[in-house]
Amino acid sequence: MTNEYLDKIPSLLKEVREKNPLTHCITNFVTVNDCANAVLAIGASPIMAEDVDEVEEIVHIANALVVNIGTLNHQQIESMKVSSAQANKTNTPITLDPVGVGVSKLRNETTIDLIKNYKPAVIRGNITEIKSISQLFNLIDETNTAKGVDACDDDAITQNNLKANGEIIRKTAEKLNTVILASGPIDILSDGKTTIAIYGGDEMMPLITGSGCMLSAIVGGCVGATTPFEGALLAILAMNKAGEKARAKVNENKSGTGSFRTFLIDALYNTDAEELKSESKIEIL
(Lines give C-alpha, C1' and ligand atoms only; values in the text may rest on other atoms or scores of the structure.)
Protein backbone atom coordinates (compact mmCIF):
# COMPACT_ATOMS: atom_id res chain seq x y z
CA MET A 1 0.00 0.00 0.00
CA THR A 2 2.91 2.35 0.62
CA ASN A 3 3.86 2.07 -3.05
CA GLU A 4 0.93 4.24 -4.11
CA TYR A 5 2.48 7.14 -2.19
CA LEU A 6 6.07 6.57 -3.29
CA ASP A 7 5.05 6.01 -6.92
CA LYS A 8 3.79 9.60 -7.06
CA ILE A 9 7.05 11.15 -5.88
CA PRO A 10 8.66 11.67 -9.33
CA SER A 11 5.59 13.42 -10.72
CA LEU A 12 5.22 15.54 -7.57
CA LEU A 13 8.84 16.73 -7.71
CA LYS A 14 8.45 17.45 -11.42
CA GLU A 15 5.40 19.60 -10.63
CA VAL A 16 7.33 21.61 -8.07
CA ARG A 17 10.24 22.22 -10.41
CA GLU A 18 8.04 23.09 -13.38
CA LYS A 19 5.64 25.36 -11.47
CA ASN A 20 8.41 27.02 -9.43
CA PRO A 21 5.81 28.14 -6.84
CA LEU A 22 6.33 31.56 -5.30
CA THR A 23 6.67 30.81 -1.59
CA HIS A 24 6.14 33.72 0.79
CA CYS A 25 8.01 33.02 4.03
CA ILE A 26 7.53 35.00 7.22
CA THR A 27 10.20 33.27 9.23
CA ASN A 28 12.76 33.99 11.91
CA PHE A 29 15.93 36.02 11.49
CA VAL A 30 18.09 33.16 12.76
CA THR A 31 17.37 30.93 9.76
CA VAL A 32 15.93 33.16 7.04
CA ASN A 33 18.88 32.75 4.65
CA ASP A 34 18.94 28.98 4.97
CA CYS A 35 15.18 28.80 4.42
CA ALA A 36 15.43 30.86 1.23
CA ASN A 37 18.25 28.69 -0.08
CA ALA A 38 16.40 25.48 0.78
CA VAL A 39 13.28 26.65 -1.08
CA LEU A 40 15.41 27.50 -4.11
CA ALA A 41 17.21 24.17 -3.91
CA ILE A 42 14.00 22.11 -4.02
CA GLY A 43 12.79 24.04 -7.06
CA ALA A 44 10.47 26.69 -5.63
CA SER A 45 10.92 30.46 -5.47
CA PRO A 46 11.22 32.20 -2.08
CA ILE A 47 10.22 35.71 -1.08
CA MET A 48 10.96 36.74 2.49
CA ALA A 49 8.67 39.74 3.05
CA GLU A 50 7.24 40.65 6.44
CA ASP A 51 6.47 44.38 6.61
CA VAL A 52 2.76 44.76 7.31
CA ASP A 53 2.45 47.38 4.56
CA GLU A 54 3.29 44.94 1.79
CA VAL A 55 2.53 41.39 2.91
CA GLU A 56 -1.05 41.43 1.66
CA GLU A 57 0.16 42.28 -1.84
CA ILE A 58 2.86 39.60 -1.67
CA VAL A 59 0.42 36.89 -0.63
CA HIS A 60 -1.92 37.96 -3.44
CA ILE A 61 0.68 36.83 -6.01
CA ALA A 62 2.15 33.93 -4.02
CA ASN A 63 1.41 30.22 -4.39
CA ALA A 64 2.14 29.41 -0.75
CA LEU A 65 2.59 31.10 2.63
CA VAL A 66 4.93 29.82 5.34
CA VAL A 67 4.55 31.25 8.87
CA ASN A 68 7.34 30.48 11.34
CA ILE A 69 7.09 31.85 14.91
CA GLY A 70 10.73 31.26 15.85
CA THR A 71 11.61 34.85 16.78
CA LEU A 72 8.25 36.44 17.45
CA ASN A 73 7.62 40.13 17.94
CA HIS A 74 4.37 42.07 17.88
CA GLN A 75 5.03 43.68 14.51
CA GLN A 76 5.72 40.30 12.97
CA ILE A 77 2.59 38.80 14.52
CA GLU A 78 0.49 41.51 12.88
CA SER A 79 2.13 40.72 9.52
CA MET A 80 1.40 37.03 10.05
CA LYS A 81 -2.27 37.78 10.66
CA VAL A 82 -2.61 40.10 7.65
CA SER A 83 -0.80 37.57 5.42
CA SER A 84 -2.88 34.67 6.67
CA ALA A 85 -6.15 36.56 6.21
CA GLN A 86 -5.20 37.33 2.61
CA ALA A 87 -4.13 33.70 2.08
CA ASN A 88 -7.58 32.57 3.17
CA LYS A 89 -9.17 34.99 0.69
CA THR A 90 -7.03 33.74 -2.21
CA ASN A 91 -7.12 30.09 -1.14
CA THR A 92 -3.34 30.12 -0.75
CA PRO A 93 -2.14 27.21 1.44
CA ILE A 94 -0.54 28.17 4.74
CA THR A 95 2.20 26.10 6.36
CA LEU A 96 2.62 26.87 10.07
CA ASP A 97 5.83 26.12 11.96
CA PRO A 98 4.96 26.65 15.67
CA VAL A 99 8.57 26.94 16.84
CA GLY A 100 8.83 26.67 20.61
CA VAL A 101 5.09 26.56 21.25
CA GLY A 102 4.62 25.58 24.89
CA VAL A 103 7.55 27.72 26.01
CA SER A 104 5.73 31.02 26.51
CA LYS A 105 2.30 32.60 26.70
CA LEU A 106 3.02 34.69 23.59
CA ARG A 107 3.90 31.64 21.49
CA ASN A 108 0.88 29.72 22.77
CA GLU A 109 -1.57 32.53 22.13
CA THR A 110 -0.14 33.25 18.68
CA THR A 111 -0.30 29.59 17.70
CA ILE A 112 -3.90 29.22 18.89
CA ASP A 113 -4.90 32.39 17.04
CA LEU A 114 -3.25 31.32 13.77
CA ILE A 115 -4.81 27.85 13.86
CA LYS A 116 -8.29 28.92 14.95
CA ASN A 117 -8.69 31.94 12.73
CA TYR A 118 -6.64 31.18 9.62
CA LYS A 119 -6.80 27.38 9.21
CA PRO A 120 -3.28 26.33 8.10
CA ALA A 121 -3.16 23.60 5.47
CA VAL A 122 -0.09 22.05 7.13
CA ILE A 123 1.38 22.27 10.63
CA ARG A 124 5.03 21.16 10.73
CA GLY A 125 6.82 20.87 14.05
CA ASN A 126 8.78 18.51 16.25
CA ILE A 127 6.80 16.06 18.36
CA THR A 128 6.99 18.23 21.50
CA GLU A 129 5.54 21.19 19.60
CA ILE A 130 2.75 19.05 18.15
CA LYS A 131 1.91 17.63 21.58
CA SER A 132 1.87 21.16 22.99
CA ILE A 133 -0.70 22.11 20.36
CA SER A 134 -2.72 19.00 21.24
CA GLN A 135 -2.73 20.13 24.86
CA LEU A 136 -3.67 23.71 23.98
CA PHE A 137 -6.72 22.37 22.16
CA ASN A 138 -7.53 19.96 25.03
CA LEU A 139 -6.89 16.83 22.96
CA ILE A 140 -4.39 15.28 25.38
CA ASP A 141 -3.76 15.93 29.05
CA GLU A 142 -0.26 14.59 29.55
CA THR A 143 2.32 17.07 30.83
CA ASN A 144 5.04 18.19 28.47
CA THR A 145 7.96 20.43 29.33
CA ALA A 146 8.89 22.35 26.20
CA LYS A 147 12.64 22.56 25.65
CA GLY A 148 13.23 25.77 23.76
CA VAL A 149 12.96 25.05 20.04
CA ASP A 150 14.07 21.42 20.41
CA ALA A 151 12.01 18.32 21.06
CA CYS A 152 12.13 16.94 24.61
CA ASP A 153 14.22 13.80 24.95
CA ASP A 154 11.26 11.95 26.48
CA ASP A 155 9.15 12.76 23.42
CA ALA A 156 11.51 11.32 20.80
CA ILE A 157 9.54 9.14 18.39
CA THR A 158 10.72 5.52 18.63
CA GLN A 159 9.37 2.13 17.62
CA ASN A 160 8.11 1.73 21.18
CA ASN A 161 5.89 4.83 21.12
CA LEU A 162 5.29 5.12 17.38
CA LYS A 163 1.67 3.97 17.39
CA ALA A 164 0.75 6.08 20.41
CA ASN A 165 2.33 9.19 18.93
CA GLY A 166 0.77 8.41 15.57
CA GLU A 167 -2.67 8.34 17.17
CA ILE A 168 -2.08 11.68 18.93
CA ILE A 169 -1.04 13.25 15.63
CA ARG A 170 -3.97 11.68 13.76
CA LYS A 171 -6.50 12.93 16.31
CA THR A 172 -4.98 16.40 16.29
CA ALA A 173 -4.98 16.57 12.49
CA GLU A 174 -8.59 15.39 12.40
CA LYS A 175 -9.72 17.86 15.07
CA LEU A 176 -7.94 20.84 13.50
CA ASN A 177 -8.82 19.78 9.93
CA THR A 178 -5.24 20.05 8.77
CA VAL A 179 -2.22 17.99 7.75
CA ILE A 180 0.36 17.52 10.50
CA LEU A 181 3.99 16.59 9.98
CA ALA A 182 5.86 15.78 13.18
CA SER A 183 9.56 15.40 12.52
CA GLY A 184 12.02 13.42 14.61
CA PRO A 185 14.07 10.19 14.55
CA ILE A 186 10.95 8.76 12.91
CA ASP A 187 8.67 11.27 11.21
CA ILE A 188 4.88 11.03 11.32
CA LEU A 189 2.52 12.53 8.75
CA SER A 190 -1.28 12.55 9.07
CA ASP A 191 -4.32 14.24 7.57
CA GLY A 192 -6.62 12.77 10.22
CA LYS A 193 -7.47 9.78 8.02
CA THR A 194 -4.20 8.40 6.72
CA THR A 195 -1.18 8.32 9.04
CA ILE A 196 2.30 7.46 7.76
CA ALA A 197 5.57 6.82 9.55
CA ILE A 198 8.60 7.98 7.56
CA TYR A 199 12.06 6.58 8.21
CA GLY A 200 15.34 8.23 7.29
CA GLY A 201 17.37 11.35 7.89
CA ASP A 202 20.41 11.63 10.12
CA GLU A 203 21.14 12.36 13.78
CA MET A 204 23.31 15.33 12.74
CA MET A 205 20.28 17.23 11.41
CA PRO A 206 19.17 18.62 14.81
CA LEU A 207 22.74 19.78 15.47
CA ILE A 208 22.46 22.68 13.03
CA THR A 209 20.16 25.63 13.65
CA GLY A 210 17.46 25.73 11.03
CA SER A 211 16.99 22.18 9.77
CA GLY A 212 13.37 22.21 10.95
CA CYS A 213 12.80 25.72 9.60
CA MET A 214 14.24 24.67 6.24
CA LEU A 215 11.92 21.67 6.21
CA SER A 216 8.88 23.84 6.89
CA ALA A 217 9.91 26.23 4.11
CA ILE A 218 10.24 23.45 1.55
CA VAL A 219 6.95 21.94 2.76
CA GLY A 220 5.41 25.29 1.87
CA GLY A 221 7.06 25.28 -1.55
CA CYS A 222 5.96 21.74 -2.31
CA VAL A 223 2.41 22.34 -1.09
CA GLY A 224 2.26 25.41 -3.32
CA ALA A 225 2.60 23.14 -6.34
CA THR A 226 0.78 20.00 -5.17
CA THR A 227 -1.53 19.21 -2.22
CA PRO A 228 -0.95 19.57 1.54
CA PHE A 229 -0.52 15.84 2.22
CA GLU A 230 1.50 15.01 -0.89
CA GLY A 231 3.59 18.16 -0.62
CA ALA A 232 4.48 17.45 3.00
CA LEU A 233 5.41 13.87 2.13
CA LEU A 234 7.63 14.95 -0.77
CA ALA A 235 9.34 17.55 1.41
CA ILE A 236 10.17 15.20 4.28
CA LEU A 237 11.42 12.46 1.96
CA ALA A 238 13.66 14.96 0.17
CA MET A 239 14.94 16.43 3.44
CA ASN A 240 15.68 13.02 4.94
CA LYS A 241 17.60 11.85 1.89
CA ALA A 242 19.51 15.14 1.80
CA GLY A 243 20.43 14.66 5.47
CA GLU A 244 21.75 11.18 4.78
CA LYS A 245 23.83 12.38 1.85
CA ALA A 246 25.14 15.38 3.76
CA ARG A 247 26.28 13.13 6.61
CA ALA A 248 28.07 10.84 4.16
CA LYS A 249 29.96 13.86 2.77
CA VAL A 250 30.84 15.01 6.30
CA ASN A 251 32.25 11.59 7.09
CA GLU A 252 34.13 11.46 3.80
CA ASN A 253 35.71 14.88 4.40
CA LYS A 254 36.13 14.46 8.16
CA SER A 255 34.35 17.79 8.63
CA GLY A 256 31.58 18.97 10.93
CA THR A 257 28.26 20.72 11.35
CA GLY A 258 29.18 23.82 9.33
CA SER A 259 29.97 21.70 6.31
CA PHE A 260 26.91 19.55 6.97
CA ARG A 261 24.70 22.63 6.53
CA THR A 262 26.24 23.37 3.13
CA PHE A 263 26.13 19.74 2.03
CA LEU A 264 22.46 19.57 3.06
CA ILE A 265 21.46 22.38 0.70
CA ASP A 266 23.63 20.86 -2.05
CA ALA A 267 21.83 17.55 -1.62
CA LEU A 268 18.41 19.22 -1.73
CA TYR A 269 19.39 20.84 -5.02
CA ASN A 270 20.44 17.45 -6.39
CA THR A 271 17.30 15.62 -5.20
CA ASP A 272 16.69 12.62 -7.44
CA ALA A 273 13.03 11.66 -7.66
CA GLU A 274 13.61 8.07 -8.72
CA GLU A 275 16.04 7.62 -5.84
CA LEU A 276 13.43 8.96 -3.40
CA LYS A 277 10.87 6.58 -4.85
CA SER A 278 13.07 3.49 -4.67
CA GLU A 279 15.02 4.13 -1.45
CA SER A 280 12.53 5.82 0.89
CA LYS A 281 10.95 3.75 3.62
CA ILE A 282 7.46 4.58 4.85
CA GLU A 283 4.85 2.65 6.82
CA ILE A 284 1.08 3.10 7.10
CA LEU A 285 0.09 3.23 10.76
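The values are calculated or read from the model by the stated rules, or taken from the named source; none is laboratory data. Since this is a predicted model, take the numbers as computed values, not measurements. When we count neighbours, we look across all protein chains shown, and the Cβ atoms used for this are built from the backbone with ideal geometry, even at glycine.
The set of residues from the range 125-139 being touching a residue at least 12 places away in the same chain (Cβ under 8 Å), surrounded by fewer than 24 Cβ atoms within 10 Å (Cβ to Cβ) and not in a helix (DSSP H, G or I) comprises 137, 139. Which one is nearest to residue 5 (Cα to Cα) among residues in the range 167-184 that are at pLDDT below 95 and either within 17 Å of the chain's Cα centre (by Cα) or part of a loop (DSSP other than H, G, I, E, B) (or both)? Per the stated criteria, the residue is 183. Suppose the filter is on the phi > 0 side of the Ramachandran plot and in contact (Cβ under 8 Å) with a residue 40 or more places away in the chain; does residue 70 pass it? So residue 70 fails the test.
When 225, 273 are checked against the criterion of being touching a Pro at 6+ places or on another chain (Cβ under 7 Å), more than 24 Å from residue 158 (Cβ to Cβ) and surrounded by fewer than 22 Cβ atoms within 10 Å (Cβ to Cβ), a single residue qualifies: 273.
One line per residue, one yes/no per condition, for (1) part of a strand (DSSP E or B); (2) over 14 Å from the mean Cα position of the chain (by Cα); (3) modelled with pLDDT of 95 or more; (4) surrounded by 19 or more Cβ atoms within 10 Å (Cβ to Cβ):
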{"site": "92", "(1), (2), (3), (4)": "no, yes, yes, yes"}
{"site": "106", "(1), (2), (3), (4)": "no, yes, yes, no"}
{"site": "116", "(1), (2), (3), (4)": "no, yes, yes, no"}
{"site": "123", "(1), (2), (3), (4)": "yes, no, yes, yes"}
{"site": "141", "(1), (2), (3), (4)": "no, yes, no, no"}
{"site": "145", "(1), (2), (3), (4)": "no, yes, no, no"}
{"site": "157", "(1), (2), (3), (4)": "no, yes, no, yes"}
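If you go through the range 73-109 and pick out every residue that is among the polar types (S, T, N, Q) and at positive phi, you end up with 1. Filter the range 185-199 down to the residues that are surrounded by fewer than 19 Cβ atoms within 10 Å (Cβ to Cβ) and not in a strand (DSSP E or B), then identify the one that is nearest to the chain's Cα centre (by Cα). For the range 185-199, the residue satisfying everything is 185.
Taken together, the residues in the range 65-81 that are more than 20 Å from the chain's Cα centre (by Cα) and either over 20 Å from residue 33 (Cβ atoms) or among the β-branched types (Val, Ile, Thr) (or both) amount to 3.
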